[in-house]
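Here the structure comes first, spelled out in structure tokens, and everything after it is commentary.
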Amino acid sequence: MKKIIILVIGLLIIMALAAVVYFTWPKKELATDQEGLAQSCQKNSGAWLADYQECENVTKEWCENSSGIFFECESACRHNPQAEICTLQCIPVCKFGQVKNNEPKEQNQKDNLIIVDYPTPLTVISSPLKVSGQARGTWFFEASFPVVLTDENGKIIAQNIATAKSDWMTENFVPFEGTITFEKPVSSSKGILIFKKDNPSGLPEYEDALEIPIFFE
């Protein structure tokens, strides 16, 4: 009996020591914060742009393995479109929409008025862009509402309408679809897709909109 007790006590001591070692032993952290991404970028012959969360001149494989969005041909002046001198060259860029310790604000869906299924925030889009979702009937007028695409500076690139897919004369949610054809802006890789409440009255108190940030392919 004493041997069994001693054996049990020994096992408990071993388990306790193992638990202490497990919880106190230094663990390697994944490079998901800005500092880790910057170091990995530079180790792979890239140039890290901290202000824009971008790594220039790296491979698509590295970018995808690092959970980034790869752009094969970006402008050298994409962050300074007013530059007097700009070299005409393609720069491969890996962009990170969300990194630890510097996360962008979540796009606030107006859940009680309009919900956009596609595109979601930070989606990489190309033309023609098909949009879809659902909105309350009060968001429409004559079964449609405006959709506007701008660059990151607010310049309008294209606009069209989204159309109700069922009876819009209701206060309930109504599915909608729409298509926007556009040309990718040369000086901007980011944009904003704006879903505007149709406001035939023109009165500012009845205006409303949902803005979704996107990237151009």
Legend entry - Which numbered condition Thr179 misses (of (1) farther than 12 Å from Val131 by Cβ; (2) surrounded by fewer than 17 Cβ atoms within 10 Å (Cβ to Cβ)): (1)
Inset, instruction - Write out, first by first residue and then by second, each pair whose Cβ atoms fall under 8 Å of each other, whose residues are 6+ apart or on separate chains, and whose first residue, in segment 119-134, is within 17 Å of Phe176 (Cα to Cα) while the second is loosely packed, with under 15 Cβ neighbours inside 10 Å and aromatic (Phe, Trp, Tyr). - result: Lys130/Tyr118; Val131/Tyr118; Ser132/Tyr118; Gly133/Tyr118
Legend entry - Answer from Ser189, Ser166 - the residue that is hydroxyl-bearing (Ser, Thr, Tyr) and buried (at least 19 other Cβ atoms within 10 Å of the Cβ): Ser189
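Among the residues of segment 172-210, which ones are outside any loop (DSSP other than H, G, I, E, B), acidic (Asp, Glu) and touching a residue at least 40 places away in the same chain (Cβ under 8 Å)? Give the steps one after another, and end with the answer.
So the first thing to find is which residues in segment 172-210 are outside any loop (DSSP other than H, G, I, E, B), and the list is 173-180, 190-196, 204-206, 209-210.
If we keep only those that are acidic (Asp, Glu) as well, we get 177, 205.
Once the filter is applied, which keeps residues that are outside any loop (DSSP other than H, G, I, E, B), acidic (Asp, Glu) and touching a residue at least 40 places away in the same chain (Cβ under 8 Å), segment 172-210 yields only Glu177.
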Inset, instruction - Give me a count of the residues in segment 73-114 that are modelled with pLDDT of 75 or more and within 16 Å of Trp48 (Cα to Cα). - result: 6
Legend entry - Hits in segment 115-131 - residues which are closer than 26 Å to Asp167 by Cα, at pLDDT below 95 and either assigned to a strand (DSSP E or B) or touching a helix residue (DSSP H, G or I) at 6+ places or on another chain (Cβ under 9 Å) (or both): Ile115, Val116, Asp117, Tyr118
Inset, instruction - Considering (1) modelled with pLDDT of 65 or more; (2) closer than 18 Å to Ser189 by Cα; (3) more than 18 Å from the chain's Cα centre (by Cα), say which one Glu35 fails and leave the rest. - result: (2)
Inset, instruction - Can you give me the number of residues within segment 185-217 that are in contact with an Asp or Glu (Cβ under 7 Å, 6 or more places away or on another chain) and of a type in the set (Lys, Arg)? - result: 2
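Quick test for you: out of Phe173, Phe182, pick the one residue that is of a type outside the set (Val, Ile, Thr) and within 21 Å of the chain's Cα centre (by Cα).
Working: Phe173 fails: within 21 Å of the chain's Cα centre (by Cα).
Being of a type outside the set (Val, Ile, Thr) and within 21 Å of the chain's Cα centre (by Cα) holds for just one of Phe173, Phe182, which is Phe182.
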Inset, instruction - Considering (1) at pLDDT 95 or above; (2) closer than 30 Å to Glu72 by Cα; (3) among the hydroxyl-bearing types (Ser, Thr, Tyr), say which one Thr163 fails and leave the rest. - result: (2)
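Cys41: part of a strand (DSSP E or B), modelled with pLDDT of 70 or more and outside the structural domain of Ile125 (by TED's automatic domain parsing), yes or no?
Working: part of a strand (DSSP E or B): no; modelled with pLDDT of 70 or more: yes; outside the structural domain of Ile125 (by TED's automatic domain parsing): yes.
No: the conditions fail for Cys41.
The values are calculated or read from the model by the stated rules, or taken from the named source; none is laboratory data. All of these numbers come straight from a predicted model, not from anything done at the bench. All Cβ positions, even for glycine, are placed from backbone atoms using ideal geometry, and neighbour counts span all protein chains on display.
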